[in-house]
Amino acid sequence: MNKKWWHDKVAYQIYPKSFRDTNGDGIGDLKGVTEKLDYLKDLGIDIIWLSPIYQSPFVDEGYDISDYYQIDEAFGTMEDFDTLLAEAKKRDMHILMDLVINHCSDKHEWFQKALKDPEGEYGDYFYFRKGKDGNPPSNYRSYFGGSAWEKVEGSDYYYLHMFAKEQPDLNWNNEKLLKELYDMINWWLEKGVSGFRIDAIINIKKDPDFESFEPDGLDGLAWVWRMVEKVEGVGELLEDLKKNTFERYDAFTVAEVFNMKENELSQFIGENGHFSTMFDFSAHPVFDKKKKPYGSTAARLEIMKHVLFQSQLKCENVGFMANVLENHDCPRCIDRYLPPYAQNDTGAKMLGTISLLFRGIPFLYQGQEIGMRNCRMESIDDYDDIGTRWEYQTAIEAGATEEEALEACYHSSRDNARTPMQWDDSPNAGFTTGNPWLKTNPNYKEINVKAQLQEEDSILSYYKELVALRRSPEYREIFTYGTFLPVLEDVQGLLAYERRLGDKSIFVFANLSEKEITVRHNVLAGGRILLNNLREIPTGEDEFTLKSCQVIVAL
Ligand code: GLC
C-alpha cells in the first residue's frame, strides 16, 4: 500500500456555530476557532474538519449554500478564514472544508435564475420535471420528510430536493455545472485547504426516469434512498470529480456515504479509490431505537462489536475507514451507545479507546473529548434542527403526547450534538457572552474543558493520553498500518483486538459488561500496560480480571 500523508493523522470535527463565539452575538465564529487552535494542538489533533461556513440562509445549518465563494457573515470574513488557515499551518495542522455539492440553497443565484426559466440554461442545473395527473413526478419522500418534489408556483414544473425544499438537487449530468463545481473546489484547494469532508455524496447519481416505488408509509411515499440503492453508475461521476480536483492537489477526502453497494468498497476507498476514506457508520442501525430486534442497549453493544469487527476486517486489505463515535447529526455517544451502568467517565473512556485504536483514521467531534451529553429541551421551540422538528410533528400526528414526542427528541435529535461547546463554568459555558443560538446544556458546571484540564483522571486528560499514544513515535506505525485481528470474539461482554505489525503486537481489551470479566489471555505475562482507564491494575500470567467498563491497552 502506498503511504499517504493522512494515514497516521487524527482528525477533529468543529461545528463552528457552536464552538466559540468571540463577538458576543451568540453564534460561534472563525476567530473562535483560531483562538482554540492551541487547545486542539495540545489534544493532538492534526486535521480539523469545519462544518459548512459558506454563505447560507441556514435552513439546514449551512448545508444549504447560497454562495460557495463567501464566508457567511455570521462566522466572520474571508480574512478571518485566511488567518485561521495560516495559524493552522504554523502549527502543522490541516483544515478541511465541508463540501456540499449534491444540492445548494434555493437562494443560490443558479436556482433563482432556474426558477424564472425552468427550461432555460440554469433550469438544467437542477431537476425540473412536469407533474403527473396533478401529482408530483414520483412518490419519493425526502430525507427530512414530505415529498421530495416541490411545485414551482404558477407552472406545471416540480423540482427535486432529496433533503429540504430549500435544498434543490444539482444535476450532475450538466457539464457546465460540473465545471463550475470543479473550479470552485480547486479555488479552495489553491487557497490552501488540505481537503474536504464530502457531504451526502452518494445521492448525486439519479435515475433520470424517476420511477415510483411501492409506498413504505401511510403517506403513500417511498424513501428517496430507494432510488439511490437502485441506480448504477455513481462511480463514474466520482472518478471524474476526483481526477479534476482532489487528485491534482494530493488532497485528503473523507466521504459521507450511506447506501453504498456491497461490492463498491474498493472503488470508493481502495488504493486508487474515489476518496481517501469514508466514515464507518456500520454501527448506526444497531442503535436506531426504532429497530426493535436488537433489544436492550447492552445487547446492542455486543452486536456493535461484531458489526465493527466485520467492518474492520472487510477494509483490511482494501483501504482505511474513518472511525467516528459522534458527529453533528447524531446524539452524544455516551447517551447513544452506552447502557445506563456505563454512562459515566469510565464508559466514555472505554468507547474512545475502542474507536481510536481501530485501524483507520480517527475522527473526534467537538465535546466528545470532555464527555458532553444529550441536552433536555423544555419545548419543541427550543429545538432548531429541521429534522427534529419533522420527527416531532410526525410523532404528534401519529398520536404521541407532547411529552412523549419531546422524550423521543431527547434521545435522537441532532441538536444534542449542536449545543454550545462547554469551555468553563462561567455563564453559557464560556461559549458566548451573549445569548447562545441554541440552549447550553445546564450540566456545563460539571462538564467543561477548564475543569477537566486540571483533573488528572478526567475524560479530557485520558483522551490526551490516548491520542498521544496513537501518535507516539514508538507506536504510530503499528496503530496506523498494523493489521486488525479480533481476539476472543465469542466471549460475551468482552471486546478485544490485536493490532499487529511484523513481530510487534498491541492488544486492546475492553469489558463492555456490567460485571467483572475474567479474560483468559496471557498478554500480561511479562507484558506491559500502556493505557488503562481505571486505577485498578489487572495482573495475571494466564488470565486477568477487568472491572465493568475497564479497558486496557497492553503490549
Ligand atoms: C449530511 C449532513 C447533514 C445535512 C445533510 C444535507 O447528512 O451531515 O447535516 O443535513 O447532509 O446536506
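The values are calculated or read from the model by the stated rules, or taken from the named source; none is laboratory data. Small disclaimer: the values here were computed from a predicted structure and weren't measured. Quick reminder, even Gly has a Cβ in these numbers, built from the backbone with ideal geometry, and neighbours come from all protein chains shown. Note: accessible area is taken over every heavy atom of the protein model, side chains too, but ligands, DNA and RNA are not part of it. Shrake-Rupley method; radii C 1.70, N 1.55, O 1.52, S 1.80 Å.
With each label modelled as a point 7 angstrom along the Cα→C-beta vector, the SER296-ASN263 pair spans 4.2 nm. Helix 345-357 and the long axis of the chain differ in direction by around 70°, with both axes built from C-alpha atoms. Given a 1.4 Å probe and the protein chains as shown, SER426 ends up with an accessible area of around 40 Å². In this calculation the C-beta distance from ASP92 to THR433 is compared with R0 = 25 Å, giving a FRET efficiency of 0.20. Surface calculation, 1.4 Å probe, protein heavy atoms: GLU61 sits at approximately 10 Å² accessible.
Applying the Kirkwood pairwise sum to the alpha-carbon positions of segment 481-554 produces a hydrodynamic radius of 12.4 angstrom. Look at the alpha carbon pairs under 8 Å that are at least 6 residues apart: their mean separation over the length of the chain gives a relative contact order of 13 percent.
Sorting TYR341, TYR63 by accessible area puts them as TYR341, TYR63; the probe is 1.4 Å, largest comes first, and only protein heavy atoms count. Looking at the chain, the accessible area is 40 square angstrom per residue; that uses a 1.4 Å probe and ignores ligands, DNA and RNA. Taken over the chain, the percentage of Cα pairs per 10 Å bin, counting from 0 up to the bin with the maximum distance, is 3, 17, 28, 28, 17, 6, 1, 0.
Compared with the direct C-alpha span, the chain from GLU316 to GLN393 gains 23.4 nm at full extension, assuming 0.36 nm per residue.
Helix 386-397 sits at what angle to the longest principal axis of the chain, using alpha carbons and giving 0 to 90 degrees rounded to 10? Long axis of 386-397 versus the principal axis of the chain: about 80 degrees. How large, in percent, is the carbon and sulfur part of the accessible surface of the chain at a probe radius of 1.4 Å? Carbon and sulfur together cover 48 percent of it. Computed with every protein chain present, the accessible area of HIS94 is close to 40 Å² [probe 1.4 Å]. Mean sequence separation of contacting Cα pairs (under 8 Å, at least six apart), scaled by the length of segment 481-554, corresponds to a relative contact order of 30 percent.
Placing a label point 7 Å from the Cα of ARG535 along the Cα-to-Cβ direction, the residues of segment 335-355 with a backbone N closer than 17 Å are 345-347.
Between TRP225 and ASP183, the contour length at 0.36 nm per residue exceeds the Cα-Cα span by 12.2 nm.
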